[in-house]
Amino acid sequence: MCGISGFFLNFKVDEKLLKKITQTIYHRGPDSMGFWFSEDDGVYMGHTRLSILDLSDKGNQPMKSICGRYIISFNGEIYNFKARAKELKKKFGIRFENGTDTIVLLELISRYGLEKALSLIEGMFAFALWDTKKKKLYFARDRFGEKPLFYYKDENKLIFGSELKVIKSMDIIDLKISQKAAFYYSVLGYIPAPFTIYKNVFKVLPSEIIETNQNYLTKKKKYFSLSLNESSEKIDYKSAKDNIKKSLEASVKKMMVADVEVGCFLSGGVDSSLVSLLMQKNSKKKIRTFTVGFDEKEYDESSYAKEIADSIGTNHHQISVNSNDMFEQIESMINIFDEPFADSSFIPTYLISKLASSHVKVVLSGDGGDEMFLGYNRYSFAKKILYLKRKSPESLRLFLSKMLKGIPSNFFDILSQPFQKMLGIHGFSHKIQKVSNILSFDCNSDFYLKLNTLDNDVLKNESLKENNLFDTFEDLSLLSSIQANDIKFYLPNDILVKVDRSSMFNSLEVRSPFLDHLLVQDSFKLPQEFKLKNNTTKYILKDILSDYTNEDFPYRPKMGFAIPIEKWIKSKKFEKKGTEIFYESDWEKLGFASKDIKKKWELFKKYKSTTPQCIWMYIVAGMWLRNN
């Protein structure tokens, strides 16, 4: 795993600028740093390397194809590179100069072209590719958006990198905040691709190829799309279960390939437990597993992680943290994202990455299992809401919505405290807010927007509001549209952002077996009832896990990677910090009305009438503003 950087200019600059911007992502690849440039063409490429395959200097980048036509700066892993290398040797007689997956990708591109090469590889990646013959620069990103790639573009330059830090460090550009992106942040708690918090700076989309020529004109195309229509094929459940088990195990096995030790995140949930089990099953020695626990017992799942670790015999590592540990590190942790990012579970993700990186360079995780196998509670909830909509008058639903919104959020959080761990209902006020929003919805996109809205009433410029961000999947059923939007928006812009920045800041590579596109395609061949049976989410995965554990273990309430944000944000220590942020931040730069933001804070302090998640979202934005 690595970091990439570079620029494409129509004027000359000192090559030291390339070294300067590449240094900003040294944490992504501390094992070596490399550079390649062509002054005549105005192309400069940098690379920082975290050595996973072929640990020798021969694996350093940027790397040139054997024919010399292509130069690549590559971040990621190609899991089937050995099979593809074997085919290339047999068909073309190629003798590879090193044992990396990067050289295999270059030769696939040389022989088959970029789009065909991408269809032949299995992996997670983002890269920049310079074609010395056509004088074109290409960007590409993996199918589901595991690895990031940003770029800035204007009429005479293009700047790119694995993180926004690269672009922000270029003092030849003047970045301006995008108030449209800030609006999306206030609604969702993250900024969806292709947008970033800055104007003229964009994210390459998952499964996208971008081609740029010397006039800085870009062409974009998708090289992969997932069939999202519900399967009508009659499938025997036992055969389907056996197939998913085999497909998942095959994914785990190929992601264990490395020239360094590979460990596993183990939260104690279904997905990470399955990955850990299959890893240990296919390892000749004890694998290392890692978990983080909380002193607040109603949020602590570390006992479940230890139960799995003990049952399969892993070398288990665990840390426990409390609110004081968090408070001291929150601001520095927020800075690793470079733009506002409000998913508070980045805190345990960062901490577990820090723990794991002191022992291994690579870990596997359970990310993607919820999206591909219908694991979130909202999937079962959507069925109930749809039923309620069909069976009750709109006037009744509007009355219930208004009534729920009129009750202070603190009431629901206090009410739920005795049952939080037993029923998995952390952030109860936030869940009630979602219910009140979606009791009346017009269509699939309206449901998804209301389901995910944190806030949207502090904009100064109302014209920035757009309600059609999620309107691509209106022709699907409600449940399928939610899953499709989760895969398109929530997974790549929240879950995978959290994992990539938190892990790579600690020079740790995270691989996700559930995002192997072959397994994903198998999952989409399943009838929905195999994944969501009655009210049991992720049914087929839980059934597979029950073959390895006691029958009750997989079916306990889903907690997620929750942290005690409701408790922390109401503490005196946090209140002091919150007042400072809400009153001293320049909210107008984000396009927010300062008086409305301050009013939210005062109402929260007095009546707890706003959800802690909404307040947290503004605290993160305020911290980001103060540091940028």
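The values are calculated or read from the model by the stated rules, or taken from the named source; none is laboratory data. All values reported here derive from a predicted model rather than from experimental measurement. When we count neighbours, we look across all protein chains shown, and the Cβ atoms used for this are built from the backbone with ideal geometry, even at glycine. Heads up: the accessible areas ignore ligands, DNA and RNA and are worked out on the full protein's heavy atoms, side chains in. Shrake-Rupley method; radii C 1.70, N 1.55, O 1.52, S 1.80 Å.
Quantify how much of the Cα-Cα distance distribution of the range 155-255 extends past 20 Å, in percent. Roughly 63 percent, once rounded to a whole number. One decimal place: the segment LYS402-TYR548 gains 47.9 nm when fully extended, by the rule 0.36 nm per residue minus the C-alpha distance.
Working note: Karplus 6.51/-1.76/1.60 with θ = phi - 60° gives the range 589-603 the couplings 4, 8, x, 9, 6, 4, 5, 5, 5, 5, 5, 4, 5, 5, 5 Hz, where Gly and Pro are set to x. Positive-end ranking of ALA140, TYR152, LEU526 along the dipole of the chain, with charges on Cβ about the Cα centre, is headed by LEU526. Each peptide in 8-19, 540-551, 161-172 was scored by the mean count of other Cβ atoms within 10 Å over its residues; highest first, the order is 161-172, 540-551, 8-19. For the range 499-576, the dipole from Cβ point charges (+1 on Lys and Arg, -1 on Asp and Glu) about the Cα centre works out to 640 debye, to the nearest 20. Only protein heavy atoms count here; under a 1.4 Å probe, SER332 has an accessible surface of about 70 Å². Taking other residues whose beta carbon is less than 11 angstrom from the beta carbon of TYR539, and scoring Lys, Arg as +1 and Asp, Glu as -1, yields +3. Each label was represented as a point 7 Å from its Cα along the Cα-to-Cβ direction; for ASN282 and ASP442 these points are 4.8 nm apart. Across the chain, counting alpha-carbon atoms alone, Rg and Dmax equal 24.2, 74 Å. Taking all protein chains as shown and a probe of 1.4 angstrom, GLU155 keeps an accessible surface of around 150 Å².
Given the protein chains as shown and a 1.4 Å probe, how many square angstrom of PHE150 are accessible, to the nearest 10? Counting only protein heavy atoms, PHE150 exposes about 10 Å² to solvent. Each pair of Cα atoms in the range 238-326 enters the Kirkwood radius, and Stokes-Einstein at 4 °C and 1.567 mPa s then converts it into a translational diffusion coefficient of 92 µm²/s. The local environment of ILE167, defined by Cβ-Cβ distances under 14 Å, has a net charge of +2 under the rule Lys, Arg +1 and Asp, Glu -1. If only the Cβ of Lys and Arg carry +1 and only the Cβ of Asp and Glu carry -1, the dipole of the range 476-607 around its Cα centre is close to 760 debye.
The mean of 1/r over all pairs of different alpha-carbon atoms in the range 121-198, once inverted, gives a Kirkwood hydrodynamic radius of 14.3 Å.
On the beta carbon distance between SER225 and ASP131, with R0 = 30 Å, the FRET formula returns roughly 0.75. Each of ASP295 and ASN213 was given a label point 7 Å from its Cα along the Cα-to-Cβ line. The distance between the two points is 6.3 nm. With the charge dipole of the range 179-327 set up from +1 on Lys and Arg Cβ and -1 on Asp and Glu Cβ about the Cα centre, the Cα lying farthest toward the positive end among the listed residues SER272, SER311, SER207 is that of SER207.
In the full protein context, the range 196-250 carries 57 Å² of accessible surface per residue, based on a 1.4 Å probe and ignoring ligands, DNA and RNA. Heavy atoms of the protein chains alone define the surface here; on that basis the range 1-143 has 39 Å² accessible area per residue at 1.4 Å probe size. Here the accessible area is traced with a 1.4 Å probe on the protein chains. For the chain, carbon and sulfur cover 50 percent of it. Counting every C-alpha pair in the range 283-365, the share spaced more than 20 angstrom apart comes to 40%. Rounded to the nearest 20 debye, the dipole magnitude of the chain is 480 debye, with +1 charges on Lys and Arg beta carbons, -1 on Asp and Glu beta carbons, and the Cα centre as origin. Dividing the radius of gyration of the alpha carbons in the range 263-308 by their Kirkwood radius gives 1.02 for Rg/Rh.
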